[in-house]
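The next block holds one structure in the form of structure tokens; read it before the comments.
The values are calculated or read from the model by the stated rules, or taken from the named source; none is laboratory data. Just so you know, these numbers come straight off a predicted model, no measurement behind them. We place every Cβ from the backbone using ideal geometry, glycine too, and count neighbours over all the protein chains shown.
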Amino acid sequence: MGEKPLSANKPMSAPSPNSGELTSWDLLEDLPVAVYTCNKEGYITSYNKAAVKLWGKTPEPQIDKWYVNWEIFNPDGTPLLPDETPAGRVLKYGKPIKQQEILIKRPDGSISNILSNPKPRFNEKGELTGAANTLIDITEQKNAEAKQGMLASIIESSEDAIVSKDLNGIITSWNHAAQRLFGYTEDEIIGKHITILIPEDRYDEEEVIISKIRANERIEHFETIRKTKSGEEIQISLTISPIRNRANKVIGASKIIRDIGRQKKSEERLQQYAERLEILNSIGQVISAELDIQSILQKVTDATTQLCGAQFGAFFHNLVNEQGESYTLFTLSGAPREAFEKFGMPRNTAVFHPTFSGEGTVRVDDITKDPRYGKNAPHFGKPKGHLPVISYLAVPVRGKSGEVIGGLFFGHEQPARFTKEHEHLVLAVAAQAAVALDNAKLYENIKELNEKKDEFIGLASHELKTPVTSLKGYLQIIARNLSPDDKNKVLANRALEQVGKLTTLISDLLDVTKIQTGKLPFTYANFDVIKLINDLKEILQQTGPSHQLILNLPARELIIHADSQRIEQVIINLVTNAIKYSPKADKVIIEAVVTDNKLRVSVQDFGIGIQPDQLERIFSRFYRVENLASHMSGLGIGLYISQEIINRHQGRLWVESIYGAGSTFYFEIPINTNDRHDA
Ligand code: ADP
């Protein structure tokens, strides 16, 4: 049996409020839900106000059927034929339908979501007479749901972690990005206190945040540190807004959490890159200018240790000495020398082998877990008291011809500290270091050869001195014993002259050796330097008659305290040079002036002159300007000795010259010095 009819003969109009008898319709009339009935053909027979409102029209008797002028669709938008609509099916099958959702489209195009609840109606005989239907408009609710869904999916798909909590700090929502960032799933964390994400030393931040939220304030881009499930601390930026209920009361807070670690890291990397470039540059400059092996090693060790962020760094450099024995120099950074010396050189152990044999770079995150580690007696692993190395990086350093000349080693007590990038940086420096070490080695070889040469000159001139002195003595006796008209007398005197030159040469060479060993002797005394120059002129004029020696001297005596023989040696050297290097000229001017308690002597010639780039070098030992004519012979030591003599007198020697026009050599020495002592 069906339900009781609502009203047997309800007129096709809204029931009148003053109809006397209170029918079911009177009760339904003011319901906010649309209600109507129809006959078994579907024509509307009665309805309430809400139904008229929903239809948007008053139905016309015998014309309007159950859904008046609507088009009907399933919620997914597929159209429904009239007898497939809920009401149609009720009339067709006589069975009630509950809460079926349909979409309706009105003639004006507006669409609503409707819940339809049609029920069949029967007469006493049980025959179907029609249906009664309630229609509930759920459009608003549906829209709100859709909006909610949209918001939820925005939150879910956000790249930023979005989390909400109540005023007690209890987490109430948690999106996907929050799970990605912190590692907790929604199930694990909802209901937990927010401090689960905060490092202990930052708990007070939460108090500040909550008090701001209570005061209805927003917090924007607050950079701080939070803790993930695995305990890792991450850098984040927080934006927190209060959540208010309908009554505008703050009931919690929503947080947008942005992981700024990556951004920070890339900023740091950029900064690091610039710093490293600078270090690389400066290492290059410093070591290429350095010729001392030990300090190259130290600089490279310090710089590479800093570059790869190691706690300890070492550079082992294999060398071969003159006797062909190999030995190793090493420098350390970040650790005291004893830390290594105690355990001897590391070249033979399995860990170090690949580096010294040149197999290649070794980079290990945890050397204590490496199979090569701990193979060597007697320490089997890290010897007691050894540096606490876990991360390990070793790079072979190769010389010009590819042979391994050493290795750079780095350690850190924490695992996985060295990256591929560190490896590349160290390799770059190792290549620079190899070149610098090669240069330093060459320089040392030259230095050694130079020392040998000095040794030889000293020895040879010393050995020459005695026979030449005897030779001179014999020649003097021979010359003396020859009568003036003997034609051999001239020859003997010429021989004596040449032996004299030889004596000067030998004593100059001996002087050079003495300067080298710091043993050039000086004997200081008072003498008249003007007289000395005048006397010298006589002698020099005889040996160099090609040039006129012009003197320009004060017309008085000038007593100075100096080594007269050495000063004489300087003047002779300058005048002989002036004559030698001005073959086409015919005069040399020698001048002496006193200025500022100093004696200044100059020797001017009008000869070949000196090119500007040679002006400094001509004072170096054995240096002669190249391409001098063959008659301008010499050893290149006169000016070197002269400079030493003048320096020892606290004076200075210099030259001014115009290439092709002549040179003027000057020396200047203080006149009254009490601190000159014999040496
Ligand atoms: P030497 O004259 O034996 O070569 P010196 O030490 O006296 O050695 O001089 C060094 C070099 O300086 C000479 O070889 C020459 O090239 C240059 N020099 C010295 N004096 C003069 C000068 N008066 N004019 C031009 N060049 C000079």
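Observations, loosely collected:
- Flag for L551 being surrounded by 15 or more Cβ atoms within 10 Å (Cβ to Cβ) and not in a loop (DSSP other than H, G, I, E, B): no
- Some residue of the stretch 123-141 being surrounded by 12 or more Cβ atoms within 10 Å (Cβ to Cβ), free of Cβ contacts under 8 Å to residues at least 40 places away in the same chain and either closer than 22 Å to T239 by Cα or of a type in the set (D, E, K, R) (or both): no
- Only listed residue being away from the ligand (no atom under 14 Å from the Cβ), buried (at least 19 other Cβ atoms within 10 Å of the Cβ) and in a helix (DSSP H, G or I), chosen from I645, I567, I618, I579: I567
- Test: residue in the stretch 475-484 that is within 20 Å of I641 (Cβ to Cβ) and surrounded by fewer than 12 Cβ atoms within 10 Å (Cβ to Cβ): no
- The residues of the stretch 520-536 that are closer than 13 Å to E557 by Cα and either touching a His at 6+ places or on another chain (Cβ under 9 Å) or part of a strand (DSSP E or B) (or both), listed by number, are N526, F527, D528.
- Pair list, Cβ < 6 Å and 6+ apart or interchain, from the stretch 144-170 residues that are under 20 Å from E220 (Cβ atoms) and at pLDDT below 90 to residues that are part of a strand (DSSP E or B) and of a type in the set (A, V, I, L, M): I155/I162; D160/I256
- Contact map, the stretch 560-574: first residue closer than 13 Å to D508 by Cβ, second residue more than 16 Å from the ligand (Cβ to nearest atom), Cβ cut-off under 7 Å, separation 6 or more or different chains; pairs are R566/F522; I572/L536.
- Only helices (runs of 4 or more DSSP H) whose full extent lies in the stretch 1-100 are considered here, and the ones with at least 2 residues that are at pLDDT below 85 are 24-29.
- Only one entry in I559, I590 is more than 9 Å from the ligand (Cβ to nearest atom) and either under 16 Å from Y666 (Cβ atoms) or surrounded by 16 or more Cβ atoms within 10 Å (Cβ to Cβ) (or both), namely I590.
- Residues in the stretch 70-88 that are without any contact (Cβ under 8 Å) to a residue 12 or more places away in the chain, in contact with a strand residue (DSSP E or B) (Cβ under 9 Å, 6 or more places away or on another chain) and surrounded by 11 or more Cβ atoms within 10 Å (Cβ to Cβ): P79, E84.
- Tallying residues that are near the ligand (Cβ under 6 Å from one of its atoms), touching a residue at least 24 places away in the same chain (Cβ under 8 Å) and either in contact with a Phe, Trp or Tyr (Cβ under 6 Å, 6 or more places away or on another chain) or in a loop (DSSP other than H, G, I, E, B) (or both) within the stretch 629-639 yields 4.
- Meets criteria (farther than 19 Å from T664 by Cα and within 16 Å of the ligand (Cβ to nearest atom)) for T543: yes
- Some residue of the stretch 652-669 being within 11 Å of the ligand (Cβ to nearest atom), exposed (fewer than 13 other Cβ atoms within 10 Å of the Cβ) and within 18 Å of N573 (Cα to Cα): no
- Residue that is farthest from W55 (Cα to Cα) [pool: residues in the stretch 105-120 that are of a type in the set (G, A, S) and part of a strand (DSSP E or B)]: S116
- Residue among L270, L277 that is assigned to a helix (DSSP H, G or I), exposed (fewer than 14 other Cβ atoms within 10 Å of the Cβ) and at pLDDT 85 or above: L270
- Top-ranked residue of the stretch 593-615 - restricted to ones that are in contact with an Asp or Glu (Cβ under 6 Å, 6 or more places away or on another chain) and under 24 Å from H547 (Cβ atoms), ranked as farthest from the ligand (Cβ to nearest atom): R600
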